[in-house]
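Asker: Sending over a structure as structure tokens; questions will come in a sec.
The values are calculated or read from the model by the stated rules, or taken from the named source; none is laboratory data. None of the values given here were measured: they were computed from a predicted structure. Reconstructed Cβ throughout: ideal geometry from the backbone, glycine too, with neighbour counts over all protein chains shown.
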Amino acid sequence: MPEKYHIHVRPTPSRYPSVGKTTVLDWGEGCLRCTRCVKETCPYNAFRQRDFDDRSLSDTIDTYCKNCLRCVQGCPRELVVKAANPQYRRLGDDYWTPAVIQSTWLQAETGKIPVSGAGYGGPFAGPGFDSIWTDMSEIVRPTRDGIHGREYISTAIDLGRKPLFLVFDAQGRLTFEPPPQVDIPLPVLLAEPPFSAGPELVREALAAAARSLKTLALVNRGNLTPELTAAAEHLAPSFPTGRVDPEDPLLSRVRVVELTDHDGVLAQVEALKRRYPGLVTMIKVPADERAAARLSELAHAGAEVIHLFADHHARGFLQAQDRHLKDLIRAAHLKLVEDHLRDTVTLLASGGIALAEHVAKAIICGADGVIVDLPLLLALECRLCRACQRGGECPVAMDSLDPRRGAQRQVNLMGAWNNQLLEVLGAMGLREVRRLRGEVGRAMFVEELQREIFAPLFSRPGPEGQRREGE
């Protein structure tokens, strides 16, 4: 049995006060000067720790307050109140919601799974990944209770081409050289964020986090400095369309390289494989209406790893812009299954992977692993205000980031995500994440349930006695 994979998390406080969902308002007028003020009995010492941060011009009590409401209920004159924080509502957008951002900040700071003692108060179904309900039927087995269990649960995946069958000679040796593969202990690859203030420091933190996590960091080749290439073993340079120099000295030091899909990409792959036979190549394919057919075509031609990418709201491109990434992954996976090619190729997905649960759900839909970028930026306290794209000043001074501190926060986030994945696998009774791939029987899809259960209720007889769907 391989050594148990462990991510070393370490509490790493934020440099700036986080934006709380609510804010504390306390009034001095009318105070009774009680012998024991409710502020002094705060179980989290929020009022004693509060300060004014002159960099962000905010009251830091929102960082320490845990919304227990003890002070609100205990003040005899009702002078302490909780009010909605307008800054919180302005965070992110309709996909990268304030709740997603705040949860990511917490996990990056503590490395722990976010748990609320008040229970879950949100919807039980929604669009996209929220329309998938996962199977937790084995949660009663204590030996498989995720991170607390005694049974070993593997989260490792392998990147590379796999032969459909093996052929041995009379001495029991393989008659062919097996394709190269790269094993990573976490089904998550890190990717350079599409924007940020201080991008050089962000990339440095990303490379350090990938090295600590023993995974790979996808970085545009043009952004890789000599300092970054010192960690070449954990880097996967990404090349734009048609821009690969076989003489690039970095190609002999890295294990995986990414090429953007285009008409001549297979010729590029072949040229690279002739010169660097141990190099694993990944082809980046947009999640559009022809993605499934294109993935099958590439797999037929010998592709090793395929990266199916959607936009940052988990939507496809062109005619597939109204389709969610989960549906595009399923279509690609089933097409490869239909063509008897699924086990030959590694399929990675990216775009809108915002939470730990999205990792498990993307794998259930048919991916082998995922690639994340924006959550890593959020781990560095980013507000997703996009001021850096407009030439404005970053509210958390990302251009003065300590890369080592940033790397630890990204490691903390992945540590929390990995523990949640272990909990899911343990609750399903699975001992390795590879078995989760394409296991739609381990999940229920709300859209399919609605069609199966409710569609017949709203159908009406057709002109010849046949039933048809009602308006």
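Asker: Within region 416-458, which residues are of a type in the set (Asp, Glu) and either within 13 Å of Ile113 (Cβ to Cβ) or not in a helix (DSSP H, G or I) (or both)?
Answerer: Glu423, Glu432, Glu439
Asker: Now for a different question. For residues in region 93-116 being in a helix (DSSP H, G or I) and of a type in the set (Val, Ile, Thr), which is nearest to Asp130 (Cα to Cα)?
Answerer: My answer is Val100.
Asker: Looking at region 250-262, can you tell me whether even one residue there is without any contact (Cβ under 8 Å) to a residue 12 or more places away in the chain and farther than 30 Å from Ala209 by Cα?
Answerer: No, because not a single residue in region 250-262 is without any contact (Cβ under 8 Å) to a residue 12 or more places away in the chain and farther than 30 Å from Ala209 by Cα.
Asker: Would you point out which residue out of Leu298, Leu377, Leu334 is in the same structural domain as Ala207 (by TED's automatic domain parsing), under 30 Å from Arg405 (Cβ atoms), part of a helix (DSSP H, G or I) and of a type in the set (A, V, I, L, M)?
Answerer: Leu377
Asker: Does region 302-309 include one or more residues that are more than 20 Å from Glu192 (Cβ to Cβ) and not charged (D, E, K, R)?
Answerer: yes
Asker: Could you list, in sequence order, the residues of region 269-290 that are surrounded by 15 or more Cβ atoms within 10 Å (Cβ to Cβ) and under 23 Å from Ser350 (Cα atoms)?
Answerer: Val269, Leu279, Val280, Thr281, Met282, Ile283, Lys284, Val285, Pro286, Ala287, Asp288, Glu289
Asker: Next question. Consider Thr143 against the criteria (1) in a helix (DSSP H, G or I); (2) at pLDDT 80 or above: it satisfies all of them except one. Which criterion is unmet?
Answerer: Only one criterion in (1) in a helix (DSSP H, G or I); (2) at pLDDT 80 or above is unmet by Thr143, namely (2).
Asker: Report, by residue number, each residue of region 1-25 that is modelled with pLDDT under 90 and under 28 Å from Cys385 (Cβ atoms).
Answerer: If the condition is that a residue be modelled with pLDDT under 90 and under 28 Å from Cys385 (Cβ atoms), then Tyr16, Pro17, Ser18, Val19, Gly20, Lys21, Thr22, Thr23, Val24, Leu25 are the ones that fit.
Asker: Search region 398-415 for residues that are on the phi < 0 side of the Ramachandran plot and part of a helix (DSSP H, G or I) and pair each with any residue that is among the hydroxyl-bearing types (Ser, Thr, Tyr) and modelled with pLDDT under 95 when their beta-carbon atoms are under 6 Å apart and the residues are at least 6 apart or on different chains.
Answerer: Pairs that qualify, where the first residue is on the phi < 0 side of the Ramachandran plot and part of a helix (DSSP H, G or I) and the partner is among the hydroxyl-bearing types (Ser, Thr, Tyr) and modelled with pLDDT under 95, are Met398/Ser196.
Asker: Right, next: Taking the residues in region 383-438 that are within 25 Å of Gly92 (Cβ to Cβ), among the acidic types (Asp, Glu) and in contact with a Leu (Cβ under 9 Å, 6 or more places away or on another chain) as candidates, determine which candidate is surrounded by the fewest Cβ atoms within 10 Å (Cβ to Cβ).
Answerer: The residue in question is Asp402.
Asker: Suppose the filter is modelled with pLDDT under 85 and small (Gly, Ala, Ser); does Gly28 pass it?
Answerer: yes
Asker: Let me ask you something else. Considering only residues of region 169-191 that are β-branched (Val, Ile, Thr) and modelled with pLDDT of 95 or more, which is farthest from Leu374 (Cα to Cα)?
Answerer: Per the stated criteria, the residue is Val182.
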